[in-house]
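The values are calculated or read from the model by the stated rules, or taken from the named source; none is laboratory data. The model shown is predicted, which means the values in this text are computed figures rather than measured ones. Quick reminder, even Gly has a Cβ in these numbers, built from the backbone with ideal geometry, and neighbours come from all protein chains shown.
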Amino acid sequence: MKERARVIKKKNGQSLVQIIRTSACSHCDEKCMLADDSHEVEEMEVLVNDPIGAEVGSMVELEMGARPILFSAFVVYLLPLVAIIAGYFAGSSWFSSFISSAEIAGIIGSGLGFLLSFALLRIFDKKAGSKSYFHPEITRVVTHNGFYYDN
């Protein structure tokens, strides 16, 4: 994944950059009806690794490996699914003494498992955010005319 950003602030070998995220349809006409609300432009600030020492105010190219992205997507999409399935079986066995129908007990267990998965995802987010492995890295500085140079 490659993205362009502007360096705002430097901190201990890392830089705070402002990324201007645009949708896939940001280059088309605003009257386009294919992607109704996808013409928005969103700015966000991200802390990135800065091995080349880019200066504040410079335009840079960020890159993040496929591994951390795929691992994060794997966790975010599969953990709730696994929690729902495990919650069903756990709920039908644990709550069957309180609830007469094992199916309703399983559904309640699924709901609790789903909610628990969000708590686990929150913990994963905090742990992953503190590791530099999950941060993008500045790979190049982009000049005003679009050419790259490496420091």
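Just a few scattered comments:
- Among the residues making up segment 48-71, a single one is touching a helix residue (DSSP H, G or I) at 6+ places or on another chain (Cβ under 7 Å) and in a helix (DSSP H, G or I): 68.
Residue-wise test of (1) closer than 23 Å to residue 14 by Cα; (2) of a type in the set (Phe, Trp, Tyr).
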| position | (1), (2) |
| --- | --- |
| 53 | yes, no |
| 75 | no, no |
| 85 | no, no |
| 89 | no, yes |
| 119 | no, no |
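- Of the candidates 123, 69, 104, the single residue that is within 30 Å of residue 6 (Cα to Cα) and surrounded by 13 or more Cβ atoms within 10 Å (Cβ to Cβ) is 69.
- Unmet criterion (only one of (1) modelled with pLDDT under 85; (2) loosely packed, with under 13 Cβ neighbours inside 10 Å; (3) in a strand (DSSP E or B); (4) of a type outside the set (Phe, Trp, Tyr)) for residue 9: (1)
- Filtered residues of segment 70-93 (kept if within 16 Å of the chain's Cα centre (by Cα) and either without any contact (Cβ under 8 Å) to a residue 40 or more places away in the chain or in the same structural domain as residue 7 (by TED's automatic domain parsing) (or both)): 70, 71, 73, 74, 77, 78
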